[in-house]
């Protein structure tokens with residue numbers, strides 16, 4: 001399709017602008033910068049003064065955006081409710097990414113068929129063009145985190161096979177088990193359709209969360225992830241934790257699954273969620289994972305105590321992974337995200353700006369006279385090019401551009417299709433991008449209605 005290279009070029013221009021801006025920026029822990037916060041814009045206090053980060057932001061209804069009030073001259077920034085919107089990392093990121101405004105506007109001027117353009121930061125903030133007002137839910141919360149979206153996950157990391165090990169020994173009773181379950185759920189949020197996974201709970205025995213999928217991995221699509229989430233609620237803590245049998249099972253499963261030629265045929269990882277490890281289990285790693293260390297080990301220490309932290313740190317570092325401690329439910333989201341940065345390092349170091357196209361989805365904000373609008377997103381990762389960080393492989397975030405499917409269809413040479421011929425497109429996972437018999441109403445049921453947190457950008 002002729003439209004595809006054009007969309008890639010626009011995304012690449014955003015990537016280049018972001019990387020150049022970060023290259024010139026020096027982090028300032030004391031930086032004070034009043035940016036347009038998408039939730040606070042145009043909000044006033046009781047005395048009629050604009051709130052901090054909520055200064056005047058001109059919004060005008062635009063027929064291209066279904067008469068939504070937007071600002072086609074500027075972008076604004078959404079920060080998840082569970083993050084401090086004046087954190088130095090956020091403020092610095094927002095500051096240097098301001099340079100994207102010129103590229104956003106220029107892209108839109110060159111191609112008025114474009115819809116949303118955006119930059120999702122690895123720090124958690126989301127810069128969106130054109131700027132728009134975001135409204136919290138009835139609880140005053142905006143749960144949207146760009147790092148959990150398919151376009152971000154697919155662009156940021158390579159496909160992966162993941163085995164999640166959850167400690168359900170007696171010491172995990174109460175809040176620790178609750179935090180562990182939430183950690184597993186958050187990990188599932190970061191898995192996309194190109195990934196494969198399974199979950200094993202362990203004490204003195206192994207307990208597959210889904211017994212029917214014993215010894216294999218399944219695709220991390222929406223249906224499978226929701227099915228596993230339902231089974232997570234059935235876990236309870238008792239007995240003694242025998243991590244050695246769990247590690248043996250995980251390594252064997254990954255090895256056998258890889259030899260079948262199924263799965264991602266790329267990265268492999270074991271996620272260990274526990275309140276402690278009494279050993280480093282180096283004999284197991286020597287047997288299965290050294291010296292190649294093809295399987296990365298990510299360890300999550302649950303609880304405030306750090307008595308066994310050293311063993312878990314060693315396990316992660318000795319197997320090219322990452323260690324983090326999760327003390328409260330509020331810590332879960334940010335700590336889980338750390339593993340994505342580690343898995344993205346090979347792509348960053350090799351400067352692989354892979355272009356990702358998502359399957360078709362519904363944008364709830366842009367329904368027109370002919371019904372809901374089908375969209376697709378083209379996304380690319382943004383890397384640090386600073387010499388001192390290049391070898392560390394730092395992912396800055398992901399840029400995305402939304403394109404209406406109907407715009408892609410305009411490029412189809414219909415005169416070449418012949419009598420009764422038609423064009424269709426599918427993704428590598430078999431999802432339909434466009435087909436004459438595609439029923440949008442069904443997609444609403446499967447995608448839109450099950451994703452209530454999505455307010456302005458569906459992906």
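Observations
- For region 206-227, filtered to residues that are in contact with a helix residue (DSSP H, G or I) (Cβ under 8 Å, 6 or more places away or on another chain) and assigned to a loop (DSSP other than H, G, I, E, B), the residue that is farthest from residue 261 (Cα to Cα) is 209.
- Top-ranked residue in region 228-260 [being outside any helix (DSSP H, G or I) and either over 27 Å from the mean Cα position of the chain (by Cα) or not assigned by the TED database to the domain that holds residue 186 (or both); ranked as surrounded by the most Cβ atoms within 10 Å (Cβ to Cβ)]: 241
- Residue check for residue 14: modelled with pLDDT under 95 and either in a loop (DSSP other than H, G, I, E, B) or under 28 Å from the mean Cα position of the chain (by Cα) (or both): no
- Within region 193-205, the set of residues being in a loop (DSSP other than H, G, I, E, B) and under 23 Å from residue 171 (Cα atoms) comprises 203, 204, 205.
The values are calculated or read from the model by the stated rules, or taken from the named source; none is laboratory data. Computed from a predicted structure; not experimentally measured. Cβ: placed from backbone, ideal geometry, glycine included. Neighbour counts: every protein chain shown.
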